[in-house]
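The values are calculated or read from the model by the stated rules, or taken from the named source; none is laboratory data. Given the structure is predicted, the values throughout are model-derived calculations rather than measurements. As a convention, Cβ positions derive from the backbone with ideal geometry for all residues, glycine included, and neighbour counts pool all protein chains shown.
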Amino acid sequence: MDDAQVEELRRWAQGLSSDGRPEVKAAAKAIMLLSEDVLAARSQLLEERLICEALEAREAADGQQAVDNSATVARDLVERARAVLHRQAARLTG
């Protein structure tokens, strides 16, 4: 249900609320309450979507950070291994 449809329901409810019959006034009140519930549900759905998107973006960033950290650790290990091998080679030759 889009905004225009909700507004149409609200206008309809306002028109019915001016009717003198109690059952029609009650129906108008029910329609107005339901239209408010629809707006609240749509707002909540939008908020949940935004939260999910933010969490997915955060997880993707965390995953990339983990990849970056792994690459840094691997690079450091290779540098340390080269340094150890270089020292050992220097001792053997010199």
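The listed residues are Leu50, Leu55, and the only one of them that is under 21 Å from Asp2 (Cβ atoms) and without any contact (Cβ under 8 Å) to a residue 60 or more places away in the chain turns out to be Leu50.
Table: residues versus (1) assigned to a helix (DSSP H, G or I); (2) at pLDDT below 90; (3) touching a Leu at 6+ places or on another chain (Cβ under 8 Å).
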{"site": "Leu16", "(1), (2), (3)": "yes, no, no"}
{"site": "Gly20", "(1), (2), (3)": "no, no, no"}
{"site": "Ala27", "(1), (2), (3)": "yes, no, yes"}
{"site": "Ile31", "(1), (2), (3)": "yes, no, yes"}
{"site": "Ser35", "(1), (2), (3)": "yes, no, yes"}
{"site": "Ser43", "(1), (2), (3)": "yes, yes, no"}
{"site": "Glu47", "(1), (2), (3)": "yes, no, no"}
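Residue pairs whose Cβ atoms lie under 7 Å apart, sitting 6 or more positions apart in sequence or on different chains, and linking a residue in the stretch 14-42 that is over 19 Å from Asp2 (Cα atoms) to a partner that is of a type in the set (Lys, Arg), are Ser17/Lys25; Asp19/Lys25. When Ala61, Ala28, Ala40, Ala71 are checked against the criterion of being surrounded by 10 or more Cβ atoms within 10 Å (Cβ to Cβ) and under 15 Å from the mean Cα position of the chain (by Cα), Ala61 stands alone in meeting it.
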